[in-house]
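Q: Okay, handing you the structure first.
A short reminder: the numbers here are calculations on the coordinates, not readings from a lab. Predicted, not measured: the structure shown is a model, and the values here were computed from it. Reconstructed Cβ throughout: ideal geometry from the backbone, glycine too, with neighbour counts over all protein chains shown.
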Amino acid sequence: MSTWHDYFKEQGHAPDWPYPIRFDQEQEIDADVLVIGGGIAGCWAAISAARQGLNVVLAEKGDTVRSGAGGPGCDHWCDVPANPLSNVDPDEWARHMAERPYCNGIGLQIQCRENYDTLLELEQMGGKVRDSGDEYVGAQGRDEKTKFMISPRYTKVHSYVPVDEKTEGKIFASNPEGKLNNVVIRVWGSTFKPVLKKECQRLGVKIFDRVMMTSLLTENGAQGARVVGATGLNSRTGEFMIFKSKSTILATSGAGSIWLISTELGGYCNMMSRTIAGDGTAMAWKAGAELTTMESTGIVRIAVGYKHKWYTGAGDASYENVPIVDANGKRVPFPIQGWVDAGYMVPSPEVEQAVREGILKGEYALPFYGDFPAMPEVERNATWKLMLGEESTTKVITKTFNDAGYDPSRDLLQSYRYIEGNSLAQWREASYGGGILVDWDLKTSLEGLYAAGTQMFSPEDHSYAAATGRYAGRKAAAYARQVGEPQISREQAVLEKARVYAPVKRSSGMEWKELHAGIARAMQYYCSEFKTESLLNMGLGTLRKIEEESVPLLFALDPHKLMRSLEDLSLLTYAQIVTHASLARKASSIPLNFQRIDYPALDPPEWRKYLTLKLENGKVKAGELPLAFWGDMKNQYEARNKDYTGVYKGK
Ligand SMILES: Cc1cc2nc3c(=O)[nH]c(=O)nc-3n(C[C@H](O)[C@H](O)[C@H](O)COP(=O)(O)OP(=O)(O)OC[C@H]3O[C@@H](n4cnc5c(N)ncnc54)[C@H](O)[C@@H]3O)c2cc1C
């Protein structure tokens, strides 16, 4: 049986629900450390907590073996300055990375100090991180001794555009001759997720797959109190799960498609995984945790069925060093990422603009093509097979092309840059900056609650998620060892149970897709590219109306649709938080992608700060933190990790 069409033709009716339904039934689970979300950060958190001999439970909405944005793969292990081929000092690189306004300096320091250790541990588990089979001998960046393959990404310089000045490149004190920095390693990331799950199992982590977590439980059910557990829903049986935990780590990543839904045309699709629906952020918010940078959103970067996948050929991510030619075979001045002009992942606005003008003047003919045949064979293979094969969803692209007879040694690959254009400005995504605020232990503002990976504010990449997950697991385990037994509030669990099951108590009304579309439309209209006080207030009013009038109509006929419905409720909460945050920032900002028509001044000095939001007694409370509120990164890190034994010891 291959398609729904085949099934209906043979059976003549829809299939019965294939699992026993256990709506309203309960299961109670005890944990020392509960990890919510079994993606990259979650798996690492569970492994590092379990290595300390604690009772660790991991709850994952999908199947841990491939779930999350990193599930299908990863081709770059980024910002690993502690690797033996690196020419820069890890602490200096971390400081450099943290020059970007509104980043997360705490996570970056942890990444730069610990992600090489994380990579070596991954290798011990069975992850492939070196060219051990000598497949790419002769490729640039391949080191014969270690068999590591350095990526051309960020090899020479890495420049950012800070708030008020433009830095062009950078020579590091630790690399005064300006040698290649060698801070990114090419890896075989499709091997990672299965070995992470296996390691969790080997260490005795109790994994609950297909469980969507829905809320955090707090001491006495009070907002702002210590977190003592969480609730979940089994998306196959519909069973209600109550977890009691001494410490809890949130690792569910950020939010999904708040501004856009396209289930029929191209699948629900944004930059991250389908399961990511803002659940973790919404549950932390309701429990009273502090969030920050929630006003930062940007144009949706990927597909959604309306455009090609975001990779447009050379100059983009995994196509890092493919030369680009125009329709007449003339070389276009891309990429900026390859060995020659290493830099950021996509061409700079200046290069983009120059090429655009060249097109308009007739200097370059469209469409453009990735000139794979012009590459030396080993480089071509390193890009087509290793990078695009391992990266994640690009595997689908290479497989489709290979199956159709595409041969990179002979054929050009069409680029979609310029012939496709950008997404509409009101098709936005939230995964640009907002998230949970953490301290140097990756503890949130709530006792007993930790966060890791892209769940935290200012999210980064795979190795960042891995290193911070591993770190949060260590810290949450240390806390669990010294804290008293958790007591959950039965009343709080009962209230949550009623919320969770409300849609299955109805058999008609509004289904999840319609509700999602309504939320998306409200956000497109009132909290989009241009913002004003009155538009944003209209947005809050519309979202409130949806909450009061549409949510009570929501119905779900099976546990899967119930999960989708609950995701909508997370998206709704998330949308409200973004709108509140947008109201709180009364200035426009380039690095935050934030434009207030009524406050047009760009990044005025008094607004260069993090804005924080939390719920206190049900009311939204705003606060602020200075840029670089984390202090001296090296000293702060070392003060808290005196007993850490890693390859890099610092200077
Ligand atoms: C196409 C693509 C290519 C990429 N390539 C690279 C690369 O080459 N290098 C790189 O460094 N980074 C890459 N990234 C980014 C990288 O994958 C992410 O940064 C990383 O996966 C983030 O890890 P995470 O643990 O924070 O989130 P995820 O790995 O996405 O994990 C979040 C997990 O939480 C689960 N979850 C969500 N809600 C709930 C809930 N309510 N209850 C229980 N579980 C829940 C999800 O199912 C998921 O498994 C890529 C991402 C994409 C999408």
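Q: Along the charge dipole of the chain, pointing to its positive end and built from +1/-1 on Cβ of Lys, Arg, Asp and Glu, which listed residue (G288, A622, G127) has its Cα farthest out?
A: Among G288, A622, G127, the one farthest towards the positive end of the dipole of the chain is G288.
Q: Enter the per residue convex hull volume of the stretch 560-651, computed from alpha-carbon coordinates, in Å³ rounded to the nearest integer.
A: Values: hull volume 20.8 nm³, N = 92.
Dividing the Cα hull volume of the stretch 560-651 by its residue count gives 226 Å³.
Q: Quick check on the stretch 187-303: take the gyration tensor over C-alpha atoms, sort the square-rooted eigenvalues as a ≥ b ≥ c, and tell me if it's rounded (a/c under 1.5), prolate or oblate.
A: Working: a/c = 1.72, a/b = 1.17, b/c = 1.47.
Oblate.
Q: Select from the stretch 414-508 those trypsin sites (Lys or Arg not before Pro) which occupy a DSSP coil region and have at most 16 other Cβ atoms within 10 Å, ordered by residue number.
A: Values: sites: R417, R428, K443, R470, R474, K475, R481, R490, K497, R499, K505, R506; in loops: R417, R506.
Sites meeting the loop and neighbour criteria: R506.
Q: Find the relative contact order for the stretch 592-651 and round it to a whole percent, using C-alpha pairs within less than 8 Å whose residues are 6+ positions apart. Let's see the in-between values first.
A: Working: 27 pairs, mean separation 12.1, N = 60.
Relative CO of the stretch 592-651 lands at 20 percent.
Q: Here is a follow-up. If you find the alpha carbon centre of the stretch 350-383 and of the stretch 579-651, how far apart are they in angstrom?
A: Result: 38 Å between the Cα centres.
Q: Could you work out the relative contact order of the chain, using alpha carbon pairs under 8 angstrom and six or more residues apart, expressed as a whole percent? Each step should come with its number before you reach the end.
A: On the way: 1491 pairs, mean separation 131.5, N = 651.
This gives 20 percent for the chain.
Q: On to the next question. Report the one residue of G105, V33, F23 whose Cα lies farthest in the direction of the positive end of the charge dipole of the stretch 23-109 (charges on C-beta: Lys and Arg +1, Asp and Glu -1; origin at the Cα centre).
A: Result: G105.
Q: Would you please give the residues with an amide H less than 5 Å from that of E624, counting only those at least 5 places away or on a separate chain, with H modeled from the backbone geometry?
A: So E624 has HN proximity to T612.
Q: Is there a quick way to get the dipole size of the chain? I mean about its Cα centre, with the Cβ of Lys and Arg at +1 and of Asp and Glu at -1; what is the value in debye to the nearest 20?
A: Values: 75 positive and 81 negative charges, 148 e Å.
Its charge dipole is roughly 720 debye.
Q: Need one number: nm distance between label points at K9 and Q482, each 7 Å from Cα along Cα→Cβ, rounded to one decimal.
A: Rounded to a tenth, the inter-label distance reads 6.6 nm.
Q: When T293, T64, T218 are ordered from fewest to most other Cβ atoms inside 10 Å of their Cβ, what list results?
A: Details: T293 23, T64 29, T218 26.
Ascending Cβ contact count within 10 Å gives the list T293, T218, T64.
Q: Then there is this: For the chain, would you read off the P(r) tail past 39 Å as a percentage of all alpha carbon pairs?
A: Details: 63169 of 211575 pairs.
Within the chain, distances greater than 39 Å cover 30 percent of Cα pairs.
Q: Still on this structure, please answer the following. Given the convex hull of the Cα atoms of the stretch 38-80, what is a quarter of its surface area in nm²? Don't skip to the answer; put the middle values down first.
A: Working: hull surface 14.8 nm².
Convex hull of Cα atoms, orientation-averaged projection: 3.7 nm².
Q: How big, on average over all directions, is the shadow cast by the Cα convex hull of the stretch 501-557, in nm²?
A: Working: hull surface 15.5 nm².
Average of the hull's projected areas for the stretch 501-557 equals 3.9 nm².
Q: Report, in debye and to the nearest 20, how large the dipole of the stretch 317-414 comes out about its Cα centre when Lys and Arg carry +1 and Asp and Glu carry -1 on their Cβ.
A: Numbers: 9 positive and 15 negative charges, 34 e Å.
Dipole of the stretch 317-414, to the nearest 20 debye: 160 debye.
Q: Which shape class applies to the stretch 317-414: rounded if a/c is under 1.5, otherwise prolate when a/b exceeds b/c and oblate if not, where a ≥ b ≥ c are the square roots of the Cα gyration tensor eigenvalues? Before the final figure, lay out each step's value.
A: Numbers: a/c = 1.98, a/b = 1.48, b/c = 1.34.
The shape class here is prolate.
Q: Just to be sure I follow the definition: excluding the sites themselves, where is the longest run in the chain that has none of the GluC sites (Glu not before Pro) in a DSSP loop with at most 12 other Cβ atoms within 10 Å?
A: On the way: sites that count: E144, E165, E168, E177, E264.
Within the chain, the longest run free of exposed GluC sites (Glu not before Pro) spans 265-651.
Q: Then there is this: Output wanted: per-residue J couplings in Hz (rounded whole) for the stretch 524-538, from phi through Karplus 6.51 cos²θ - 1.76 cosθ + 1.60, θ = phi - 60°, x for Gly and Pro.
A: Calculated HN-Hα couplings, in order: 4, 6, 10, 9, 10, 4, 9, 10, 9, 3, 6, 4, 5, 5, 4 Hz.
Q: Once you sort the root eigenvalues of the Cα gyration tensor of the stretch 434-534 as a ≥ b ≥ c, which label holds: rounded (a/c under 1.5), prolate (a/b larger than b/c) or oblate (the other case)? If you can, show how the numbers build up before the last one.
A: Values: a/c = 2.54, a/b = 1.32, b/c = 1.92.
It is oblate, given that a/c is not under 1.5 and a/b is not larger than b/c.
Q: Hey, rough spin-label estimate for V494 and K642, points 7 angstrom out along Cα→Cβ, what's it come to in nanometres?
A: 4.8
Q: Write down Rg/Rh for the stretch 530-574, rounded to two decimals, with Rg from the C-alpha atoms and Rh from the Kirkwood relation over Cα pairs. Before the final figure, lay out the partial values.
A: Working: Rg = 13.1 Å, Rh = 11.8 Å.
Across the stretch 530-574, the Cα-based Rg/Rh ratio is 1.11.
Q: Kirkwood hydrodynamic radius, computed over distinct alpha-carbon pairs, for the stretch 490-626: how many Å, to one decimal?
A: Kirkwood radius, the stretch 490-626: 16.6 Å.
Q: Continuing with this model, one more query. For the chain, take the longest principal axis of its alpha carbons; what is the angle in degrees between that and the long axis of helix 105-125, to the nearest 10 within 0 to 90?
A: Here the helix axis deviates by roughly 80 degrees.
Q: Run through the DSSP bridge list for the chain and note the antiparallel percent, rounded to the nearest 5.
A: On the way: 41 of 65 bridges.
In the chain, DSSP labels about 65 percent of beta bridges as antiparallel.
Q: Next up: Extension gain D411-D24, at 0.36 nm per residue separation less the Cα-Cα distance, in nm? Please report the intermediate quantities before stating the final value.
A: Working: separation 387, 0.36 × 387 = 139.32 nm, distance 5.76 nm.
Going from the current span to full extension adds 133.6 nm.
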